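**Student:** What follows is a structure written as structure tokens; I'll ask about it next.
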Ligand SMILES: C[S@@+](CC[C@H](N)C(=O)[O-])C[C@H]1O[C@@H](n2cnc3c(N)ncnc32)[C@H](O)[C@@H]1O
């Protein structure tokens, strides 16, 4: 599928091309993965996959309203607490997130493209808080576009996304004509594990670098090429600051040299965290925990990037939103 190169413009991030400044170096950002045709193909994939839910728009609108109220109250347990709520979330919030993540992975983080392009080696990606599938859909779309193979993408999430994730991954495999065969090395494998990433028993195997919520269900952090925490870090810190820090320290200890860690989160005060009597942006805590001892390098940082959609040309039955976010891409030393 040939992609048109899109606009160039200075500054900002997101849907207009831009420049990124890091350590005084200016880089031009191409917006290859903001191509409207590619974006529309992702939206169409979602529409086809969830045809049944779109067939009853009133019911869907009511569910979306319920989830929206819970998200507004930051009551995530209720928001993500039932299958109809999860379906409503996927149809309303995953589409524009997936489009933004196409841009993030494909344009803002060329290191992710490089990782996906390596032909011979097995590539493993862990998407923490990825049950809603936006990042999995974006990574799969890029993998298909660059004909990546030998890739496993695992979403780990505390909510029971199993059924919704299975439908989405089936939709992806069908659209991208990937035949799910576990023994085929060339495959792109998509899998979901339900687990609380902060759950202390998960760290029972800390000495080996594995986490497990039962003995058959292991994630080996040493084998990961990329870890993503997209719009999930704030929730982890809200649940428990010490355990969120423990998770980061676990990564410091057990990720192999070269592993990429991508964090994307709301820009601005929504991502501020209270520590004692002071308030810090969550990225300060991340940088402090990951970089101050030089466990990781920062490859890219954006404090406030915009991803803007070309709504005039995109067709989707529900509202699509522009996104403003901060971004950190770290690489393990
Ligand atoms: C705001 S949603 C973001 C979803 C997705 N990453 C995206 O960007 O569209 C946060 C996700 O993190 C998950 N989550 C929250 N706390 C978690 C935990 N302790 N362990 C694993 N997943 C968690 C939630 O269930 C939810 O799916």
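**Student:** Can you report the number of residues in the stretch 96-111 which are in contact with a helix residue (DSSP H, G or I) (Cβ under 7 Å, 6 or more places away or on another chain) and in contact (Cβ under 8 Å) with a residue 60 or more places away in the chain?
**Tutor:** Qualifying residue count for the region: 8.
**Student:** Do we have residue 98 as within 15 Å of the ligand (Cβ to nearest atom), under 25 Å from residue 148 (Cα atoms) and under 21 Å from the mean Cα position of the chain (by Cα) here?
**Tutor:** Working: within 15 Å of the ligand (Cβ to nearest atom): yes; under 25 Å from residue 148 (Cα atoms): yes; under 21 Å from the mean Cα position of the chain (by Cα): yes.
Yes; evaluated as a whole, the condition is true for this residue.
**Student:** Looking only at the stretch 112-143, which residues are part of a helix (DSSP H, G or I) and in contact (Cβ under 8 Å) with a residue 40 or more places away in the chain? Working first, answer last.
**Tutor:** So the first thing to find is which residues in the stretch 112-143 are part of a helix (DSSP H, G or I), and the list is 112-117, 134-143.
Those that are part of a helix (DSSP H, G or I) and in contact (Cβ under 8 Å) with a residue 40 or more places away in the chain: 112, 115, 134, 135, 136, 137, 138, 140, 141, 142, 143.
**Student:** Separate question: How about the stretch 81-95: which of its residues are assigned to a loop (DSSP other than H, G, I, E, B) and more than 9 Å from the ligand (Cβ to nearest atom)?
**Tutor:** At the first step, the residues of the stretch 81-95 found to be assigned to a loop (DSSP other than H, G, I, E, B) are 81-82, 93.
Scanning the stretch 81-95 gives 81, 82.
**Student:** Okay, next question. Name the pairs whose Cβ atoms lie under 8 Å apart, with the first residue in the stretch 219-241 and on the phi > 0 side of the Ramachandran plot, the second within 12 Å of the ligand (Cβ to nearest atom) and assigned to a helix (DSSP H, G or I), and 6 or more positions between them or separate chains?
**Tutor:** Pairs found: 231/97.
**Student:** Count, please, the residues in the stretch 261-271 that happen to be surrounded by 14 or more Cβ atoms within 10 Å (Cβ to Cβ) and more than 16 Å from the ligand (Cβ to nearest atom). I'd like the intermediate steps shown before the answer.
**Tutor:** First pass over the stretch 261-271, keeping only residues surrounded by 14 or more Cβ atoms within 10 Å (Cβ to Cβ): 261-267, 271.
Okay, now just the ones that are also more than 16 Å from the ligand (Cβ to nearest atom), so none.
Number of matching residues: 0.
**Student:** Mind checking which residues of the stretch 81-117 are more than 26 Å from residue 308 (Cβ to Cβ) and touching a strand residue (DSSP E or B) at 6+ places or on another chain (Cβ under 9 Å)?
**Tutor:** Answer for the stretch 81-117, where residues must be more than 26 Å from residue 308 (Cβ to Cβ) and touching a strand residue (DSSP E or B) at 6+ places or on another chain (Cβ under 9 Å): just 115.
The numbers here are math on the coordinates, done by the rules we state, and not lab data. Treat the numbers as computed from the prediction; the structure is a model and nothing was measured. Because the Cβ atoms are built from the backbone with ideal geometry, glycine has one as well, and the counts that use them run over all protein chains shown.
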